[in-house]
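Contents: one structure, followed by commentary.
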Amino acid sequence: MKDTIKITWIIALLAVIGFSVAACSDDDDSGGSIFTYEGTVSNPDGIKATDFSYSYYGEQLSDYINEPASATISGSKLTIKLGVPKDEFLKEQEIGKYVTMTPSNAKVFLFNTLYTYDGEYYLSCMKDDSELGFIYVDRDVTIKGTEDMSTYDMSLKKGWNYVIPTIEKKDKYTFTSSTTMPSGFQWTVIRNAQRW
């Protein structure tokens, strides 16, 4: 169920902002500060993995993000550090017909899951059935509107932001954003049932 929710919300957001891993123009204005999170992590199965610095199976965060690009666990403490995404992965977006992004030439990088190298485990930050994601923007951006059963009311600040999906009812989402960790969300280590 959690895998389905995770995949569904990121597909909905990607469909609207048209994110793809493609080269951007040379006039990048990325800048931004390093994102750092330190807090507790739940590990109900006592999984021994400590390094979650991968975005996909075997693909390091540092392939996409300038150092620092790490997510590590020590006991019950989780530390995430994210630098600025590499220029070639920041891209101007095509927005859906009923959703607007202002300014329209902002560049975006998006991901929502941190994995171990072998893809066997991942970190999820959940509250009820909502899972947080990360989005980087190269300037202050707003994304507003409704399309395909999803409503967007996001005010993003230059740098890293949390994407907060709220499930209104089956297949209907509202997306908001925050520069700080929203209350009630808990990081958890999960065994990947759909391992590659």
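The values are calculated or read from the model by the stated rules, or taken from the named source; none is laboratory data. Predicted model only: the values in this text are computed from it and were never measured. Using ideal geometry, Cβ is built from the backbone for each residue, glycine included, and neighbour counts are taken over all protein chains shown.
Descriptive notes on the structure:
- The range 96-119 residues that are in contact (Cβ under 8 Å) with a residue 40 or more places away in the chain, paired with ones that are acidic (Asp, Glu) and buried (at least 22 other Cβ atoms within 10 Å of the Cβ) (beta carbon under 6 Å, 6 or more apart): 107/138
- The sole residue among 104, 150, 177 that is surrounded by 15 or more Cβ atoms within 10 Å (Cβ to Cβ) and more than 30 Å from residue 40 (Cα to Cα) is 150.
- Lone unmet requirement of (1) farther than 22 Å from residue 102 by Cα; (2) not in a strand (DSSP E or B) for residue 180: (1)
A quick yes/no check of all residues on (1) within 30 Å of residue 46 (Cα to Cα); (2) under 18 Å from the mean Cα position of the chain (by Cα):
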{"position": "120", "(1), (2)": "yes, no"}
{"position": "124", "(1), (2)": "yes, yes"}
{"position": "133", "(1), (2)": "yes, yes"}
{"position": "136", "(1), (2)": "no, yes"}
{"position": "139", "(1), (2)": "no, yes"}
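- When we screen 25, 30 for residues that are at pLDDT below 85, surrounded by 15 or more Cβ atoms within 10 Å (Cβ to Cβ) and within 23 Å of residue 141 (Cβ to Cβ), the only hit is 30.
- Residue 160 fulfils the conditions (1) more than 20 Å from residue 103 (Cβ to Cβ); (2) touching a residue at least 60 places away in the same chain (Cβ under 8 Å); (3) among the aromatic types (Phe, Trp, Tyr) except for a single criterion, (1).
- Selection count, the range 183-192, where residues are surrounded by fewer than 16 Cβ atoms within 10 Å (Cβ to Cβ) and either assigned to a strand (DSSP E or B) or touching a helix residue (DSSP H, G or I) at 6+ places or on another chain (Cβ under 7 Å) (or both): 2
- The range 80-95, residues that are under 20 Å from residue 186 (Cα atoms) and in contact (Cβ under 8 Å) with a residue 60 or more places away in the chain: 82
- Taken over the range 138-157, the residue count meeting the criterion of being touching a residue at least 24 places away in the same chain (Cβ under 8 Å) and in contact with a Phe, Trp or Tyr (Cβ under 8 Å, 6 or more places away or on another chain) is 9.
- Enumeration of residues in the range 170-195 that are touching a Pro at 6+ places or on another chain (Cβ under 8 Å) and under 17 Å from residue 160 (Cα atoms): 175
- Candidate set: the range 133-157, residues that are modelled with pLDDT of 90 or more and aliphatic (A, V, I, L, M); chosen: the one nearest to residue 96 (Cα to Cα): 143
- Residue list for the range 35-50, filter: exposed (fewer than 14 other Cβ atoms within 10 Å of the Cβ) and of a type outside the set (Gly, Ala, Ser): 36, 38, 40, 44, 45, 48, 50
- Being surrounded by fewer than 19 Cβ atoms within 10 Å (Cβ to Cβ) and either touching a His at 6+ places or on another chain (Cβ under 9 Å) or at pLDDT 90 or above (or both) is a property that does not hold for residue 169.
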